[in-house]
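Structure record follows, encoded as structure tokens.
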Amino acid sequence: MYMSMRTFFRLYQNQSVIRIRVSQFVRKKSAKVTEQIEKTVSCSSLSTLIVELRDKIKFNSYLEREKLDLGYYKFYVKSLRKAEQISAKNFKEKSLPPLPVALKYINNNNLLLDNNEVDVSLQENTFQLPFSNPTNINISPANKGAREFNCSNLNRWMTSYEHFDDSKLSALQGSEDDDIDGLEWCKNYGTPDPKVGISRVPCGGCGALLHCSDPAIPGYLPSEIIKGRTDEDLKIIECQRCHFLKEYNIALDVTVQPEEYEKLLQNIRQVKSLVLLMVDLLDFPCSIWPGIVDIIGTQRPLIVVANKVDLLPGDSVGYLKRVKECLMRELNKTMLNNANIKHVSLISAKTGYGVEELISAMFKLWMYKGDVFLVGCTNVGKSSLFNALLQSDYCKVHAVDIVKRATVSRWPGTTLNLLKFPINRPSGWKIQQRYQRLKVEAKALKLENEIRKGQVKGKTFSDAPSLIGHIGRTFAMPLTDDSIDQKNPIDILDEKHELFVNSKWFYDTPGVIHPDQVLPLLSTEELLMTIPKNIVKPQTYYLTPGSTLFIGGLARMDFMECSEPCRFTVFCSEHLPITIVKTEDADEVYQKLLGTELFAVPTGGAERVKNWPGLKMSNDILEFSGQGPKLCCGDVVLSSIGWISVTAKYKSVCKVAGWTPGARGIYKREFSVLPYSINLKGKRIQDTPAYKVGKIYSDEKS
């Protein structure tokens, strides 16, 4: 029996439609199965919570992110277009022929899951707190016999920095073949890669989850080592810090308990030395160690180094001078008021800004009188500054190429080896040559800035300007040196060598955990979301009394009392959502949103929320006297999380209360560190209490 061509094509078309509908049905079935699996993990989904709390959440930056970026009008136009596309898609699906009745009997979930590769395994979310287990420093006569450098296991996962041979690399670079994959040390010598996620495999030595995002956080491995490895491979690998402790007896980025910090630094009192106290500009006064004066005394010279200035947004011209003044006011409120502070430097160890000025100040104030000790709390950037100074004029020329991040050197009186390098002797001719180099580089930089301004004139950029500096070297290794045996070049830093036996040393000490810091309570993933990596963009909100502002799940501020509404400018990591509710609903909203994407931190599932300490209110109510709509009258400091600047009507009294885990690190800064940051706000976004982020100034000259 034959059929016509028209009938054949009509039947073929119906079969094609049936195939499309069947595939849509299969996808819908697999999506339903996936939703059922997700519901078994959590009792109430995020969408259910949003619907349940829609009348109590006045604003959430996670939900309103697109509106914050585009503005109300552009967001409204985009929403209309999206609604039209959805309507057209629904109309097209409804216009298709109906599905066969037999498809309703298809209920093979296993087949659907296999075809669509839906992961039904429920993995347990593990978490660990990398800063909660600091290193114990045991000083006893039995432990003073520290072992020397051990070169018996040079072929393990971490190639020895002191013994790698780059002669093959130089030969390959000079040839046409640029493939260096064959060199073993190149495979194991890398830099961080924040794009790679955190593994779920803990280090066998310290228990920190292995990652390659940030060397300052325990559990770090170079990106070349962690990439392409399975969890089974990572289980037999130890982190970089534990490797150096085990193989070389070297402490790398170690943290110690506050009561043990004095024991570790007790030798500073016995030697003539200069102390560099490092402070985090995003977390002061909580990053200022209060007991440092008891350790070093009041007569010892002290230089305060304020790091991470590149992450501060410029609120107006001359803002760096006001930042330094605010820092000095906070220092005078502590025991450092009686310290012998010789100099205050604003630097960025990451971008190099202000490092050359710091070196010049140390040469001028200290010359070559004794050793220099770098002290400070955790996560202030001590190791970054150590590496920057290592490649500068402050390090002795002969030691630049042999001293790496992990230097084999014994700390006096303990078995813990720390980082150090010999200081360059600042003789008269060296200072003159350095001055000439800085003068030439300043002229070149000025010309470069003029050319850059001409190139970008009339253009707009989404990213805010950042402070960047150049760290150069005036002196180089001499080609011939009678004091060095050319047949036996120096590969390892030896204090007894004739070049270093009479040298003064620069020491990088371990970081101390400040009792006000929240860092010990956070896991590795939470640390990466909490610690800002880019310039902090101020977020301004218009609140009325009786409102509460949440910064993720880490902090809370209650606007208790004021005669007029106030504006609050939040400075925190861009990964921490801002949530605004009524104070009467704050406790309920916090309990229901804790552990969800609307709070971001803490993260890790029900087990993490179960072990979360929760927020506690400070004992003191913070009062601010308004200075008008164009000036911030003070800051509410929330340790390790950020701060909130308050702007109120002139002479009006604004009362707020801060909440953090355990009520840690809640301070009042009477004078705001960025008093004109309120003027950085853009237009008010309709139907929200939020403002768009406006222009951020650059103030490199100040």
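The values are calculated or read from the model by the stated rules, or taken from the named source; none is laboratory data. Since the structure is predicted, the reported quantities are computational estimates derived from the model, not experimental observations. Here the Cβ is made from the backbone with ideal geometry for all residues, glycine too, and neighbour counts use every protein chain on show. Note: accessible area is taken over every heavy atom of the protein model, side chains too, but ligands, DNA and RNA are not part of it. Shrake-Rupley method; radii C 1.70, N 1.55, O 1.52, S 1.80 Å.
What to note about this one:
- Failed condition for Pro422, given (1) of a type outside the set (Ser, Thr, Tyr); (2) more than 31 Å from the chain's Cα centre (by Cα); (3) open to solvent by less than 100 Å² (accessible area, probe 1.4 Å): (2)
- The range 366-401, residues that are over 27 Å from Gln432 (Cβ atoms) and among the small types (Gly, Ala, Ser): Gly376, Gly381, Ser383, Ser384
- Odd one out for Lys649 among (1) open to solvent by 10 Å² or more (accessible area, probe 1.4 Å); (2) at pLDDT below 90: (2)
- Reported count of residues in the range 353-402, each being open to solvent by 20 Å² or more (accessible area, probe 1.4 Å), acidic (Asp, Glu) and not in a helix (DSSP H, G or I), is 2.
- Cβ pairs under 6 Å, 6+ apart, first in the range 227-243 and without any contact (Cβ under 8 Å) to a residue 40 or more places away in the chain, second polar (S, T, N, Q): Leu234/Ser199
- Test: residue in the range 80-98 that is part of a helix (DSSP H, G or I), open to solvent by 100 Å² or more (accessible area, probe 1.4 Å) and at pLDDT below 80: no
Each row is one residue, and each column tells you yes or no for (1) open to solvent by less than 20 Å² (accessible area, probe 1.4 Å); (2) within 22 Å of Phe386 (Cβ to Cβ); (3) among the basic types (Lys, Arg); (4) touching a His at 6+ places or on another chain (Cβ under 9 Å).
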{"position": "Gly314", "(1), (2), (3), (4)": "yes, no, no, no"}
{"position": "Arg322", "(1), (2), (3), (4)": "no, no, yes, no"}
{"position": "Met328", "(1), (2), (3), (4)": "no, no, no, no"}
{"position": "His343", "(1), (2), (3), (4)": "no, yes, no, no"}
{"position": "Ser348", "(1), (2), (3), (4)": "yes, yes, no, no"}
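- Screening the candidates Ile531, Ile535 for the property of being hydrophobic (A, V, I, L, M, F, W, C) and in contact with a Ser or Thr (Cβ under 6 Å, 6 or more places away or on another chain) yields one hit, Ile535.
- Of all residues making up the range 325-347, the number that are outside any strand (DSSP E or B), of a type outside the set (A, V, I, L, M) and either within 22 Å of Thr540 (Cβ to Cβ) or touching a Leu at 6+ places or on another chain (Cβ under 6 Å) (or both): 1
- Matching residues in the range 613-632 - criterion: being under 25 Å from the mean Cα position of the chain (by Cα) and open to solvent by 60 Å² or more (accessible area, probe 1.4 Å): Pro613, Lys616
- Entry remark, the range 339-394: residues being among the hydroxyl-bearing types (Ser, Thr, Tyr) and more than 24 Å from the chain's Cα centre (by Cα) number 4 in total.
- In the range 255-312, residue farthest from the chain's Cα centre (by Cα) [restricted to those that are of a type in the set (Asp, Glu) and modelled with pLDDT under 90]: Asp294
A quick yes/no check of all residues on (1) in contact with a helix residue (DSSP H, G or I) (Cβ under 7 Å, 6 or more places away or on another chain); (2) of a type outside the set (Lys, Arg); (3) under 18 Å from Ser61 (Cα atoms):
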{"site": "Ala555", "(1), (2), (3)": "no, yes, yes"}
{"site": "Thr569", "(1), (2), (3)": "yes, yes, yes"}
{"site": "Lys592", "(1), (2), (3)": "yes, no, yes"}
{"site": "Pro602", "(1), (2), (3)": "yes, yes, yes"}
{"site": "Pro613", "(1), (2), (3)": "yes, yes, no"}
{"site": "Asn619", "(1), (2), (3)": "no, yes, no"}
{"site": "Glu623", "(1), (2), (3)": "no, yes, no"}
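- Residue identified as surrounded by fewer than 21 Cβ atoms within 10 Å (Cβ to Cβ) and either β-branched (Val, Ile, Thr) or modelled with pLDDT under 90 (or both) among Gly604, Gly595: Gly604
- A single member of Lys582, Lys610 is touching a strand residue (DSSP E or B) at 6+ places or on another chain (Cβ under 8 Å) and open to solvent by 50 Å² or more (accessible area, probe 1.4 Å), and it is Lys582.
- Meets criteria (touching a residue at least 12 places away in the same chain (Cβ under 8 Å), among the charged types (D, E, K, R), closer than 22 Å to Tyr667 by Cα and crowded, with 22+ Cβ neighbours inside 10 Å) for Asp310: no
- Residue identified as farther than 25 Å from Gly694 by Cα and among the basic types (Lys, Arg) among Lys537, Lys504: Lys504
- Wholly enclosed strands (runs of 3 or more DSSP E) of the range 477-581 bearing at least 2 residues over 26 Å from Asn387 (Cβ atoms) and at pLDDT 90 or above: 539-543, 547-551, 555-561, 566-572
- So Arg434, is it at pLDDT 65 or above and either open to solvent by 90 Å² or more (accessible area, probe 1.4 Å) or outside any helix (DSSP H, G or I) (or both): no
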